[in-house]
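The values are calculated or read from the model by the stated rules, or taken from the named source; none is laboratory data. This structure is a prediction, so every number in the text was calculated from the model and none was measured. For neighbour counting, all protein chains shown are included, and Cβ atoms are generated from backbone atoms with ideal geometry for every residue, glycine included.
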Amino acid sequence: MSDRLAFVDKFPSAARITRLSMGVSFTALTIGALLGIVQALHRTNVFRGVISSADYYSVLTGHGVLLALFFTIFFLTGIFTWGTSRSLGRELPSPRFSLAWFLLMFSGAVMTATAIFGGLVGQIPFSADVLYTFYAPLQAHPLFYAGLAAWLVGTWLAGADWIRTYYHWRQDNPGERIPLQMFMIVTTMLMWYIATLGVAVEVLFFLLPLSLGLIESVDPLLTRTLFWFFGHPVVYFWLMPAYFAWYTVLPKLSGGRLFSDPLARVVFILFLILSTPVGFHHQYADPGVPEGFKFIAMTNTMFLLLPSFLTAFTVVASMEYGARQRGGTGYLGWLRALPWGKPAFAGCALAGMMFAAGGFSGIINAGMNINSLIHNTLWVPGHFHLTVGTASALTMMAISYWLYPQITGKRLQFYGIAQVQPYIWFIGMGLMSNAMHRAGLAGVPRRTAEPQYQQFDFAPVLGSMAEMRLQIAIGGTLLTLGALMFVLVMVGTWLAERGRGRLRVDSHLPEPISGPSDSPRVLDNVKLWFVIAVVLVVIAYGFPIYSMVADGALNPAAPPFPV
Ligand code: HEM
Ligand code: CU
């Protein structure tokens, strides 16, 4: 099939689901970013006119849920729908089924958002000030949990839809290697099926019945454990769409080809296997989990660095290849030959750079002893605004500059704004995240409207608390500006007339330098990898969860482990 034809003309139903998913994703981004600036200015005491401190938790819950869950994962369903159709060269089998899972996810998201923002509007009896980690003993209105459950089931059906499409393709193409994009989608979804079991049990068996008054109490340690069973792998659900783009689109945007398809497959298998048995690293400070399990989680976590390092190597090698194809020379001089003026490339590359920094602060978080230095301080949001807040978010925005025209058939509007936008985000995040890390080291807590540290000293002397506050405020403002610039480009493109001017996107994705035939076929045996992943999860979680349940799953007072 010709690559000249826009995706929307080849696969109109898949393009529609991708457009709808992205529409919801970008709406969540807009609202979330506006809440972000409110928080940044409020907690730094720079401007407090918008909300009262009492409402800070509602705002923070909205920011976390809308950005970390809805913006990222609706983007994922969009890009994976596109990737399934594109890499298999066919539509998803039933447009009605695809629309059904999208609508289920959408209505779930609306319910959850209503519960959160109902708390901000006085007359509405909802409230959900439970933050995006929503574990007990905090309690939200049942609508919050019901919405999350519906949304989650929607993601499961979406995965089933993509995997079913893959099976249809397999019947027509026995013996062929799985196309790389499809391989990434399947492994990511298998990881998601394992990981979401924890949160589904937490919500359906404990939190929802608790909020409905059907049960009187829950065991906070058990529900926290179930949450973090899900809470670490969810970060790969945020990151995998970015990796997907870095591996399969970024090499082309740099003017070259992917360095190695086999390495990419290995990386996704490692994520499938290793991403779940690490959740205890979020519970280093939880009493009741024996040190030994925390230690196993730490060791597994450090192993997880491997696929990230492999990614850094493969992606940078592909970029270097592209740059040299474009005439770049020298040890580092080739960097100048990259297309920094193209927003899709620039955004992905800057996001990758910030991810490296986020990876380093993540190693600090993962260290069992050094973690106590930064636990629950502003360092932690400093860290994850580099990972999910930039590696994922900025890549998603950047890749949209390339993808959105293909799924709408329209030319990207406001190109000049799109060109500047990734740099605004980069500078804003450089300021905000750096200052958050430093403030965290100085002991400033996260998740509070009133971090009472030299609140009234406002001379921003270098190294002072006031200087860090100012950096957070300026950085946060630039970031929100960056998000709004992105949304402006998307809305402009969406509203533009179709067919005006030629669609200036080259959608062809070249073959990798080292292709799938250079790797053993066992890599494609996803069933095998799935089974190994399940076995590792059972080893890491079997005994701890068994002990927590054995003392009475609803008994919040009982010591979780035999003492
Ligand atoms: C928390 C600002 C974008 C995810 C925060 C906090 C600030 C902030 C100041 C810390 C609040 C506190 O601990 O008291 C901003 C600004 C953004 C932005 C100005 C610009 C648009 C993002 C993006 C994501 C994100 C793009 C993810 C995709 C989160 C999460 C939290 C958070 C998950 C933690 C919420 C919690 O502690 O429950 N943000 N952020 N933010 N942000 Fe952002
Ligand atoms: Cu984690």
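Within region 70-84, residues that are within 17 Å of TRP151 (Cα to Cα) reach no partner that is modelled with pLDDT under 95 and assigned to a helix (DSSP H, G or I) with beta carbons closer than 6 Å at six or more positions or on different chains.
Of all residues in region 284-307, one or more are within 16 Å of ligand 1 (Cβ to nearest atom), over 30 Å from LEU509 (Cβ atoms) and in contact (Cβ under 8 Å) with a residue 12 or more places away in the chain. Can you confirm whether LEU180 is farther than 19 Å from GLY359 by Cα, touching a residue at least 12 places away in the same chain (Cβ under 8 Å) and crowded, with 23+ Cβ neighbours inside 10 Å? Judged against the criteria, LEU180 is a match. Counting the residues of region 303-336 that are assigned to a loop (DSSP other than H, G, I, E, B) and aliphatic (A, V, I, L, M) gives 2.
When GLY49 is tested against the conditions (1) out of contact with any Phe, Trp or Tyr (no Cβ under 7 Å at 6 or more places or on another chain); (2) modelled with pLDDT of 95 or more; (3) away from ligand 1 (no atom under 15 Å from the Cβ), the lone failure is (2). Screening HIS232 with (1) within 16 Å of ligand 2 (Cβ to nearest atom); (2) of a type outside the set (Phe, Trp, Tyr); (3) more than 29 Å from LEU394 (Cβ to Cβ) gives one miss only, at (3).
Quick one: is VAL444 away from ligand 1 (no atom under 15 Å from the Cβ) and either within 21 Å of the chain's Cα centre (by Cα) or modelled with pLDDT of 85 or more (or both)?
Working: away from ligand 1 (no atom under 15 Å from the Cβ): no; either within 21 Å of the chain's Cα centre (by Cα) or modelled with pLDDT of 85 or more (or both): yes.
So VAL444 fails the test.
Counting just the residues of region 69-111 that are of a type in the set (D, E, K, R) and part of a helix (DSSP H, G or I), which one comes out surrounded by the fewest Cβ atoms within 10 Å (Cβ to Cβ)? Checked region 69-111; the qualifying residue surrounded by the fewest Cβ atoms within 10 Å (Cβ to Cβ) is ARG96.
Across region 112-146, the number of residues qualifying as of a type in the set (Val, Ile, Thr), touching a Ser or Thr at 6+ places or on another chain (Cβ under 9 Å) and outside any loop (DSSP other than H, G, I, E, B) comes to 1. Listed conditions (1) modelled with pLDDT under 95; (2) within 16 Å of ligand 2 (Cβ to nearest atom) are all met by ALA449, apart from (2). When region 216-253 is filtered for residues that are more than 16 Å from ligand 1 (Cβ to nearest atom), part of a helix (DSSP H, G or I) and under 19 Å from the mean Cα position of the chain (by Cα), the ones remaining, listed by number, are PHE229, PHE244, TRP246, TYR247, THR248, LEU250. The single condition from (1) buried (at least 21 other Cβ atoms within 10 Å of the Cβ); (2) more than 16 Å from LEU488 (Cα to Cα) that VAL380 fails is (1). Just a yes or no: is a residue in region 318-331 among the aliphatic types (A, V, I, L, M) and surrounded by fewer than 19 Cβ atoms within 10 Å (Cβ to Cβ)? Within region 318-331, none of the residues are among the aliphatic types (A, V, I, L, M) and surrounded by fewer than 19 Cβ atoms within 10 Å (Cβ to Cβ).
Of all residues in region 59-79, how many are within 16 Å of ligand 2 (Cβ to nearest atom) and over 12 Å from MET105 (Cα atoms)? Quick ask: steps written out before the conclusion?
So in region 59-79, the residues within 16 Å of ligand 2 (Cβ to nearest atom) come out as 64, 68-69, 72.
Filter once more, keeping what is over 12 Å from MET105 (Cα atoms): 64, 68, 72.
Summing the residues that are within 16 Å of ligand 2 (Cβ to nearest atom) and over 12 Å from MET105 (Cα atoms) in region 59-79 gives 3.
Would you mind stating whether PHE271 is under 30 Å from GLN406 (Cβ atoms), in contact with a Pro (Cβ under 6 Å, 6 or more places away or on another chain), within 16 Å of ligand 2 (Cβ to nearest atom) and in a helix (DSSP H, G or I)? Break it down into steps so the answer makes sense when it comes.
Numbers: under 30 Å from GLN406 (Cβ atoms): yes; in contact with a Pro (Cβ under 6 Å, 6 or more places away or on another chain): yes; within 16 Å of ligand 2 (Cβ to nearest atom): yes; in a helix (DSSP H, G or I): yes.
Taking the combined requirement at face value, the residue satisfies it.
The set of residues in region 282-295 being surrounded by 17 or more Cβ atoms within 10 Å (Cβ to Cβ) and either part of a helix (DSSP H, G or I) or of a type in the set (Gly, Ala, Ser) (or both) consists of HIS282, GLY288, PHE293, LYS294.
Answer yes or no: is there a residue in region 433-452 that is among the hydroxyl-bearing types (Ser, Thr, Tyr) and surrounded by 24 or more Cβ atoms within 10 Å (Cβ to Cβ). The answer is yes, given that some residue of region 433-452 is among the hydroxyl-bearing types (Ser, Thr, Tyr) and surrounded by 24 or more Cβ atoms within 10 Å (Cβ to Cβ). Among the residues of region 366-389, those that are in contact with a helix residue (DSSP H, G or I) (Cβ under 6 Å, 6 or more places away or on another chain) and part of a loop (DSSP other than H, G, I, E, B) comprise MET368, ILE370, LEU378.
If you check ALA33 against the conditions, is it more than 10 Å from ligand 1 (Cβ to nearest atom) and among the small types (Gly, Ala, Ser)? Break it down into steps so the answer makes sense when it comes.
Details: more than 10 Å from ligand 1 (Cβ to nearest atom): no; among the small types (Gly, Ala, Ser): yes.
Judged against the criteria, ALA33 is not a match.
Among the residues of region 121-132, is there at least one that is farther than 16 Å from ALA14 by Cβ, free of Cβ contacts under 8 Å to residues at least 12 places away in the same chain, surrounded by fewer than 18 Cβ atoms within 10 Å (Cβ to Cβ) and within 12 Å of ligand 1 (Cβ to nearest atom)? No: region 121-132 contains no residue that is farther than 16 Å from ALA14 by Cβ, free of Cβ contacts under 8 Å to residues at least 12 places away in the same chain, surrounded by fewer than 18 Cβ atoms within 10 Å (Cβ to Cβ) and within 12 Å of ligand 1 (Cβ to nearest atom). In region 212-235, the residues that are closer than 26 Å to MET189 by Cβ form Cβ pairs under 6 Å with partners that are within 15 Å of ligand 1 (Cβ to nearest atom) and in a loop (DSSP other than H, G, I, E, B), at six or more places apart or across chains, as follows: THR223/TYR135; ARG224/TYR135; PHE227/TYR135.
Restricting LEU34, LEU20, LEU41 to residues that are away from ligand 2 (no atom under 16 Å from the Cβ), part of a helix (DSSP H, G or I) and within 18 Å of PHE486 (Cβ to Cβ) narrows the list to LEU34. When PHE295 is tested against the conditions (1) out of contact with any helix residue (DSSP H, G or I) (no Cβ under 6 Å at 6 or more places or on another chain); (2) away from ligand 2 (no atom under 16 Å from the Cβ); (3) farther than 28 Å from LEU523 by Cβ; (4) not basic (Lys, Arg), the lone failure is (2).
When residues of region 190-210 are filtered for being closer than 16 Å to SER275 by Cβ and in contact (Cβ under 8 Å) with a residue 60 or more places away in the chain, how many remain? Reasoning before the result, please.
Start the filter on region 190-210 by keeping residues that are closer than 16 Å to SER275 by Cβ, which leaves 190-199.
Among the residues that remain, those that are also in contact (Cβ under 8 Å) with a residue 60 or more places away in the chain are: 190-191, 194-195, 198.
Result for region 190-210: 5.
Return yes or no: is PRO512 more than 16 Å from ligand 1 (Cβ to nearest atom), modelled with pLDDT under 95 and touching a Leu at 6+ places or on another chain (Cβ under 7 Å)? Even if it seems obvious, please write down each step before you answer.
Values: more than 16 Å from ligand 1 (Cβ to nearest atom): yes; modelled with pLDDT under 95: yes; touching a Leu at 6+ places or on another chain (Cβ under 7 Å): yes.
Yes.
Does TYR193 meet the test of being modelled with pLDDT of 95 or more, crowded, with 21+ Cβ neighbours inside 10 Å and of a type in the set (Ser, Thr, Tyr)? Full working, then the answer.
Details: modelled with pLDDT of 95 or more: yes; crowded, with 21+ Cβ neighbours inside 10 Å: no; of a type in the set (Ser, Thr, Tyr): yes.
So TYR193 fails the test.
Does region 202-215 include one or more residues that are among the acidic types (Asp, Glu), surrounded by 24 or more Cβ atoms within 10 Å (Cβ to Cβ) and either assigned to a helix (DSSP H, G or I) or touching a helix residue (DSSP H, G or I) at 6+ places or on another chain (Cβ under 7 Å) (or both)? The answer is yes; a qualifying residue exists.
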